[in-house]
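Here the structure is laid out as structure tokens; the discussion comes afterwards.
No lab work stands behind these numbers, since they all come straight from the coordinates. No experiment lies behind these values; they were computed from the predicted model shown. Neighbour counts run over all protein chains shown; Cβ positions are idealised from the backbone, glycine included.
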Amino acid sequence: MADTPRVVFAGLASCFGCQINITNIEEHLMDVLGQVDLKYWQLTSSDPMPTDFDVAVIEGAVTTEAAKESVQALREGADAVITIGACAATSGIPGMSTEDHAADMDAVYGDKVPYVVADGAITPMAVKDVISVDFEVPCCPIDPYDFVEVLQHALYGSNIYRRSSTLCGECKNNERGCFYGRNTLCLGLVTRSGCGARCPNLGRPCNGCAGLSPDANVAQARRVADRAGVGAAALDSALRIFNQPIADEEVS
Amino acid sequence: MPDLQTVHVADLADDATARSGNAIMMANPYRPWPARITSITPLTETEKLFEFRLVDERIRNAFHHEPGQFVEVSIFGVGEAPISISSSPSKSGFIELCVRRAGEFTQRLHEMQCGDIVGIRGPYGRPFPYEDMKGHDILLVAGGLGIAPLRSLINYIHDERSEFGNVTIIYGSKNPSEVMFRDQFEMWRHRKDFNLILTVDTPDDTWDGEVGLVTAPFASLDVDADNTFGAVCGPPVMYRFVVEEMRKKGISYDHIYMSFERHMKCGMGKCGHCQIGHQYCCIDGPVFNYWEAKNIQGSM
Amino acid sequence: MLYRVMDASELPKLIDAFMERYEVIAPVQSGRSVAFEPISSFDEIVLDYPTTLTSLKKYILPPRETLFEFSVDDADVTDYTLEIAPRVLFGAHACDINALNNLDLVFEDARYPDPYFEAHRAATMVVGINCSPSETCFCHLLDADEVRSGYDLFLQDLGDRYLISIGSVEAANILEAACELREATDEDRREFRRLTRERQEAFSADIPDIQEIPMLMDAFHKDEFWAELGGRCLSCTACSAVCPTCYCFDIADTLDEDGKTGRRERILDACTSPQFAQVAGGHNFRETGRDRVRHRMYHKLNGFNSKHGRYLCVGCGRCVRACKADISPIEVLRFFERKGTEDA
């Protein structure tokens, strides 16, 4: 990397809320930016993306051929690629249309597909399905302090270990009872921990925006949902919000 | 509502001028002490030997390690990692750590230069029973990076050579380029007082040592079982095979020692990451004898 | 041990006296369950409460605690002060006091006494109270239904009065200054014994009483049961979060926003977290749910015994309720019970 690492921010299909959220750490923003040479921030600039940089930060899902090419170019130029938010990590909200993308297109546009859509629209993909990604900042939207931590991890290294345990442990640390005792669906059973279970702590069930844990036991979670009267089908359906892959096991 | 109490969990070094190094270290056992890198020797593509000297003279003088022990090394901001000590306790004032580039922490350590400062706390762990080993024949078997903790014992035996009987060292590597401390061992190969057997899985044109697993040389090994201590360190799969070879030679369960690898995060028998069955690798080990190991669920 | 009897109507005076000098933590209603929280008046306390969702552990071993602050450029520690509230943990049940005593064995060991733990413990008074078992309680099977040390006061409710065991000078001074006390009479002692027997009989008969648990943990270590139990595990770590005796932790550095300074923290961890036993280079010594769940149970019901001569599990039953996959020590006891019947 250059002496002061050169950083670029790119936004793909998303609400740009994660980039906005980074600006929300106002009092620390200059401290953070002081550690890097910010070459480009799509949210704040109309210039073209520069070609020389060390760290690429990407928000959003890949939904067009052009986006695919641009993330490939970012990967080629960057020593480290960081994705921010659920759209980039799992294809998120844009990814909800993945399953029946062609049929949905047909239903919406019929034979009158507008030029901007016809020209290169592809089935939405997570960034990591297009290029290798070094670091992910999870959730929808991201916690900006998580972003700072991950950026510093990319700049300086860290031997911190990212647990794949799911959310309930963090929820219990918040002294929270369980939604399943109240016949309410919650995806905390299978969602990767790290956010501090803040939605359940505010009285809202987890909707899985941090992504399915690689060690998630979906089969068991379905049993839990069935037994709680919520139903495994409701769990499966909720998992689709953030386009999580659904495990094949059936409830036994 | 009562006021909060501010508790100083030990003094900073500057505030503890009148105290002994040991007392300062134990006041807060989580506190790493600045240590300067004084020498870096590349060993292989992925391994380097670092020499460290503790900066505070009181701490340096109070630091005594034994073969088989480890330290916790800190790079502030990056984290902490347990690394076994490779130098002999007969040399004091510095320690040597043999470090494989295996993750982000060791990557950062490999990027550091002479003069750079890290943090060190320790030493931790139960060592090899080097005092009990005196007067006996010694059979040491190392595989790969397992040479790192064993080298402390090997060098100690070297420095106190007359105290020990016959010494056999079997050191296995994947290929010749991964043989560590090669210069040292090349010299030793011609010595009469060390039976050094270097072996590799895959030889190249230059290799004139043995070829095959570390267990192969046992076939032609003459062992005085009642008078021999064995010690083993290597990758997890190696232990069972090597200790069984030692058993076949007739060495008693409690004369066969092995050093286990686990992630010792605190080093003080608390954090739980290094638990094997009911034992803590960091304070009950990392060195266990075969009898103890057989009594630990999940040790091998 | 010194015993005194006090009228129940005196209790608010004791709490008021504590509140003058200490932050008082007590069981209070929290949603549908009861939690240990700071109180500001006696009226908030739920004296006769079922086991709380989480334990008192967080007041001695916080889920996240800064060990020290450091400077990256100087590569050195810059400060390690700890802000501690002098506290009274009021209304602890016997299992929870036994749990704190178990933590003492780990954190106040002679070789490496933990200065952070010690600082919290030294600033904390413990006042226990008797309880009646809920259906998930099995403390009596693990010798944790009675507590003989580790408290400043222990209150035994005798209806209109309390029989109080006094464990420390600090507490005796406050108690004597604030409340009217009298010597215990034979009638008090008879009532105490009657209530103790009543409690003994109130435990759920559905939880099997198994002898030689540590030995069975070894004997059935390779049984298929563990694969079945571990296969259900959600890896959510709720069990360790609510457990009063799960103390494992991780040590991690976090940089401040400017990247120049930071702090090293200890963060409570769980051996049921998939990467817990992973070493540098990626090898994981407990790769599967089977390995992890078995290890956790082994430590609770055998491993700690072989070091300290008592169970680490205190039978509080919190994990029984927290685990959505029905994994708990009770399931292990039931497995041993089944094995016993199958063999017979």
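Take every Cα pair under 8 Å whose residues are at least 6 apart in sequence, average their separation, divide by the length of chain C, and the relative contact order is 22 percent.
Kirkwood radius and radius of gyration were both taken over the C-alpha atoms of the stretch A:35-93, and their ratio Rg/Rh is 0.95. For the stretch C:280-329, the C-alpha radius of gyration divided by 2.2 N^0.38 Å, with N the number of residues, is 1.34. For the stretch C:172-258, rounded, prolate or oblate, judged on the Cα gyration tensor with a ≥ b ≥ c (square roots of eigenvalues), a/c < 1.5 rounded, else prolate if a/b > b/c? Oblate, because a/c is 1.5 or more while a/b does not exceed b/c. Find the all-direction average of the projected area of the Cα convex hull for the stretch B:201-253, expressing the result in square nanometres with one decimal place. Seen from a random direction, the Cα hull of the stretch B:201-253 projects 4.4 nm² on average. Over all projection directions, the Cα-based convex hull of the stretch C:213-343 averages an area of 10.0 nm². Shape summary: the protein assembly as shown maps onto an equivalent ellipsoid whose semi-axes, from the alpha-carbon gyration tensor, are 45, 41, 29 Å in decreasing order.
May I ask you to derive the relative contact order of chain B, considering only C-alpha pairs under 8 Å and at least 6 residues apart, and to give it as an integer percent? Walk me through the intermediate numbers first.
Numbers: 617 pairs, mean separation 47.7, N = 300.
Taking the mean separation of contacting Cα pairs over the length of chain B, I get 16 percent.
Its alpha carbons considered, the stretch B:130-259 gives a radius of gyration followed by a Dmax of 13.7, 42 Å. The Rg/Rh ratio for the stretch A:6-156, using Cα coordinates for both the radius of gyration and the Kirkwood hydrodynamic radius, is 1.00.
For the stretch C:231-316, the list of GluC sites (Glu not before Pro) that fall in a loop by DSSP and count at most 13 other C-beta atoms within 10 angstrom reads C:E287.
Let me know the shape class of the stretch C:103-178, please: from the alpha-carbon gyration tensor, a ≥ b ≥ c as square roots of the eigenvalues, rounded when a/c is under 1.5, otherwise prolate if a/b is greater than b/c, or oblate. Please list the in-between numbers first.
Numbers: a/c = 2.90, a/b = 1.21, b/c = 2.40.
Taking the square roots of the gyration eigenvalues as a ≥ b ≥ c, the stretch C:103-178 is oblate.
A simple count of charges around B:P67, restricted to other residues whose Cβ falls under 14 Å of its Cβ and scoring Lys, Arg +1 and Asp, Glu -1, yields -3. Among the GluC sites (Glu not before Pro) within the stretch A:60-129, those in coil by DSSP and having at most 16 neighbouring Cβ atoms inside 10 Å are A:E99. Take the stretch C:95-139, drop everything but the C-alpha atoms, weight them equally and run the Debye formula without solvent; then report log10 I(q)/I(0) at 0.13, 0.23, 0.27, 0.30 Å⁻¹ to two decimals. So the normalised log intensities are -0.40, -0.85, -1.01, -1.13.
Using only Cα atoms, locate the centre of the stretch C:243-291 and the centre of the stretch B:52-80, then give the distance between them in Å, rounded to an integer. Here the two parts' Cα centres lie 22 Å apart.
On average over all directions, what projected area in square nanometres does the stretch B:191-300 have, based on the convex hull of its Cα atoms?
Working: hull surface 34.8 nm².
Seen from a random direction, the Cα hull of the stretch B:191-300 projects 8.7 nm² on average.
The per residue volume of the convex hull around the alpha-carbon atoms of the stretch B:155-206 is 79 Å³.
Springs between Cα atoms under 10 Å define the GNM used for chain C, and in it the highest mean-square fluctuation of C:F154, C:F138, C:F18 occurs at C:F18.
Relative to the globular-protein estimate of 2.2 N^0.38 Å, the Cα radius of gyration of chain C stands at 1.08. If you take the Cα centroid of the stretch B:143-189 and the Cα centroid of the stretch B:213-277, the two points sit 16 Å apart.
Helix by helix through chain B, keep the DSSP H runs that span 20 Å or more along the axis on Cα and average at least 1.6 on Kyte-Doolittle, and give those back in order.
none
Measuring how big chain B is from its alpha-carbon positions, Rg and Dmax come out at 20.1, 78 Å.
Among DSSP beta bridges whose residues both lie in chain C, state the antiparallel percentage, nearest 5.
Around 75 percent of the beta bridges assigned by DSSP in chain C are antiparallel ones.
D by Stokes-Einstein for the stretch A:168-242, Kirkwood Rh over Cα pairs, 4 °C, 1.567 mPa s: 107 µm²/s. Percent of C-alpha pairs per 10 Å bin in the stretch C:126-214, short distances first: 14, 40, 31, 13, 3.
For C:K57, a cut-off of 17 angstrom between C-alpha atoms picks up these lysines, skipping any fewer than 8 places away in its own chain: A:K172, B:K270, C:K300.
Hull volume per residue, based on the alpha-carbon atoms of chain A and their convex hull, is 141 Å³. The residues neighbouring A:D54, those whose beta-carbon lies less than 11 Å from its own, together hold a net charge of -2 under the Lys/Arg +1, Asp/Glu -1 convention.
Dividing the alpha-carbon radius of gyration of the stretch B:13-124 by the rule-of-thumb value 2.2 N^0.38 Å gives 1.03.
Coupling constants for the stretch C:204-216 follow from the phi torsions by the Karplus curve (6.51 cos²θ - 1.76 cosθ + 1.60, θ = phi - 60°), and in residue order they are 4, 7, 6, 9, x, 8, 10, 8, 6, 4, x, 5, 5 Hz; glycine and proline get x.
For the protein assembly as shown, what is the mean residue ellipticity at 222 nm derived from helices alone (per DSSP H run of n ≥ 4: -39500 (n - 2.57); sum divided by total residues; nearest 500 deg cm²/dmol)?
Numbers: 31 runs with 262 residues, N = 896.
One gets -8000 deg cm²/dmol as the mean residue ellipticity at 222 nm.
Mean sequence separation of contacting Cα pairs (under 8 Å, at least six apart), scaled by the length of the stretch A:130-243, corresponds to a relative contact order of 25 percent. Taking 1 over the mean of 1/r across every pair of different Cα atoms in the stretch A:118-252, what Kirkwood radius in Å do you get? Kirkwood hydrodynamic radius for the stretch A:118-252: 16.2 Å. For the stretch C:20-137, a Kirkwood radius taken over Cα pairs fed into Stokes-Einstein (37 °C, viscosity 0.692 mPa s) yields D = 205 µm²/s.
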